[in-house]
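These notes concern the structure reproduced below.
The values are calculated or read from the model by the stated rules, or taken from the named source; none is laboratory data. Source: prediction; values computed, not measured. Backbone-built Cβ (ideal geometry, glycine too); neighbour counts: all protein chains shown. Ligands, DNA and RNA are excluded from the accessible area calculation, which covers all protein heavy atoms including side chains. Shrake-Rupley method; radii C 1.70, N 1.55, O 1.52, S 1.80 Å.
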Amino acid sequence: MKTHAIVSLFLVTLLATACTAQGESTGVPSASAAAAAALHFQDEHTQWVRQRSADLGKPDGWTSLIGLHWIEAGKRSVGGGPDNAIRLSIAPARLGEVEQRADGLYFQVAAGVPVTVDGKPVQGDVRLDPEGAGGGTKLVYDEGRGQITAIKRGQRLALRVRHADAPARRDFAGLDFFPADEGWRVKARFVAHPAGKTLPIVNVLGEVADNPNPGYVVFEKEGHEWRLEALGDPAKGLNLMFQDQSTGRLTYGVGRYLRTDPVAADGTVNIDFNRAHNPPCAYTEFATCPLPPPENRLVLQGADGARTRLAVLAGEKTYRSSTH
């Protein structure tokens, strides 16, 4: 933790302690206690935004993607030269060859090209296990600045390529958020679905996958009750994908993502819309982002047919790089 963050946290804690003692003596929360809590909220949010920006801008973060290449039958040459079947925008003239075999995807490194896996030089060919729970195989080239992994979408495989010198990373202009607002930190009620229920989720490629759908959350805002279908594990935290009235105007046109705290024993869950953030597709054309389901568009239909939409004026806004 940086020095200024430590100092800020110390001051917030000191002020909160003093204010708590004052509140306990009177039985009424003091204005100073409320101010301390507000300061703590703002500081936590600032730190969260700073960390998110840092993660996106890492040498292997989402802004470092330089390619997504779908695998076709046969051996396919890979490299930066124009004669390659799979041409990388930043790579040696010939990096190697990729081939999909009956037992998996293999990469054969070109002679004399330094490529490593887990820090060890690769000689000959290596099997590329797709990204997933186990992490997958990561080919590292260009003295650690370039990385190649495999991804699987449906029945198709692709090479996902990253490089620390990616234009999107070079031009990364930081993030733009609405001002943090405690009013958008709401307590919701989690309603469980029957065990085993799934929700079809479409990605930007048009592919559909059934995802475990443990339940939905219900919260009140602007005089109405709103509902969002949830993914993930209630014991660890729910994943919410949504669109709202700001989508495509002030915020990213696909929608936004949000992760909650774990669901409490009483069935409540905290949702902080100040941490609503853009999917990776906002920063790179080489991501395969899931799209919010139709159920999560935050629209109410009245008995008279009138539609009411919620504008979530919190969280991350539309991203624009320094070149746009």
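Only one of 206, 174 is under 30 Å from residue 63 (Cα atoms), free of Cβ contacts under 8 Å to residues at least 12 places away in the same chain and out of contact with any Lys or Arg (no Cβ under 7 Å at 6 or more places or on another chain). Can you tell me which? Can you show your working first?
Details: 174 fails: free of Cβ contacts under 8 Å to residues at least 12 places away in the same chain.
Answer to the check: 206.
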* To do: Of all residues in the range 237-267, count the ones that are surrounded by fewer than 18 Cβ atoms within 10 Å (Cβ to Cβ), within 16 Å of the chain's Cα centre (by Cα) and free of Cβ contacts under 8 Å to residues at least 60 places away in the same chain.
  => 4
* Would you be able to tell me the number of residues in the range 230-255 that are farther than 15 Å from residue 215 by Cα and assigned to a loop (DSSP other than H, G, I, E, B)? => 11
* Asked: In the set 258, 300, which member is in a strand (DSSP E or B) and closer than 30 Å to residue 156 by Cβ?
  -> 258
* To do: Might you let me know whether the range 56-67 holds any residue that is modelled with pLDDT of 95 or more, closer than 30 Å to residue 276 by Cβ, in contact with a helix residue (DSSP H, G or I) (Cβ under 8 Å, 6 or more places away or on another chain) and among the charged types (D, E, K, R)?
  => yes
* Which listed residue is among the charged types (D, E, K, R) and modelled with pLDDT under 95, from 142, 125 -> 125
* Which residue pairs have Cβ atoms under 7 Å apart, sit 6 or more places apart or on different chains, and have a first residue in the range 78-103 that is over 22 Å from residue 130 (Cβ atoms) and a second that is of a type in the set (A, V, I, L, M) and assigned to a loop (DSSP other than H, G, I, E, B)? -> 80/88; 80/90; 80/91; 80/93; 81/93; 92/113; 94/110
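If you take the residues in the range 208-230 that are charged (D, E, K, R) and open to solvent by 90 Å² or more (accessible area, probe 1.4 Å), which one is nearest to residue 257 (Cα to Cα)? Before you say what the answer is, go through the steps one by one.
Keep residues of the range 208-230 that are charged (D, E, K, R), which gives 210, 220-222, 225, 227, 229.
Restricting the remaining residues to those that are open to solvent by 90 Å² or more (accessible area, probe 1.4 Å) gives 210, 220, 222, 225, 227.
Details: 210: 18, 220: 19, 222: 21, 225: 20, 227: 15 Å.
Result: 227.
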* Structure fact -> Given the conditions (1) in contact with a strand residue (DSSP E or B) (Cβ under 9 Å, 6 or more places away or on another chain); (2) without any contact (Cβ under 8 Å) to a residue 12 or more places away in the chain; (3) not hydroxyl-bearing (Ser, Thr, Tyr), every one holds for residue 142 apart from (2)
* Failed condition for residue 156, given (1) more than 22 Å from the chain's Cα centre (by Cα); (2) modelled with pLDDT of 95 or more; (3) more than 25 Å from residue 54 (Cα to Cα) -> (2)
* Index of the failed condition, residue 270 passing every other in (1) in contact (Cβ under 8 Å) with a residue 24 or more places away in the chain; (2) open to solvent by 30 Å² or more (accessible area, probe 1.4 Å); (3) not in a strand (DSSP E or B) -> (3)
* over 30 Å from residue 320 (Cβ atoms) and either of a type outside the set (Phe, Trp, Tyr) or in contact with a helix residue (DSSP H, G or I) (Cβ under 7 Å, 6 or more places away or on another chain) (or both), is that true of residue 147? -> no
* Asked: Does the range 85-106 contain any residue that is modelled with pLDDT of 95 or more, of a type outside the set (Asp, Glu), exposed (fewer than 13 other Cβ atoms within 10 Å of the Cβ) and within 28 Å of residue 280 (Cβ to Cβ)?
  -> yes
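Do the conditions hold for residue 275, that is, is it surrounded by fewer than 21 Cβ atoms within 10 Å (Cβ to Cβ) and basic (Lys, Arg)?
Working: surrounded by fewer than 21 Cβ atoms within 10 Å (Cβ to Cβ): no; basic (Lys, Arg): yes.
Spelling it out, it is not the case that residue 275 is surrounded by fewer than 21 Cβ atoms within 10 Å (Cβ to Cβ) and basic (Lys, Arg).
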* **Candidates 158, 180 - the one that is surrounded by 13 or more Cβ atoms within 10 Å (Cβ to Cβ), outside any strand (DSSP E or B) and among the aliphatic types (A, V, I, L, M)** => 180
* Structure fact -> Looking across the range 278-297 at residues that are in a loop (DSSP other than H, G, I, E, B) and polar (S, T, N, Q), the single one that is surrounded by the fewest Cβ atoms within 10 Å (Cβ to Cβ) is 288
* To do: Among residues belonging to the range 28-51 that are under 17 Å from the mean Cα position of the chain (by Cα) and open to solvent by less than 40 Å² (accessible area, probe 1.4 Å), point out the one that is farthest from residue 183 (Cα to Cα).
  => 49
* What number of residues within the range 107-140 are charged (D, E, K, R) and either in a strand (DSSP E or B) or loosely packed, with under 15 Cβ neighbours inside 10 Å (or both)? -> 4
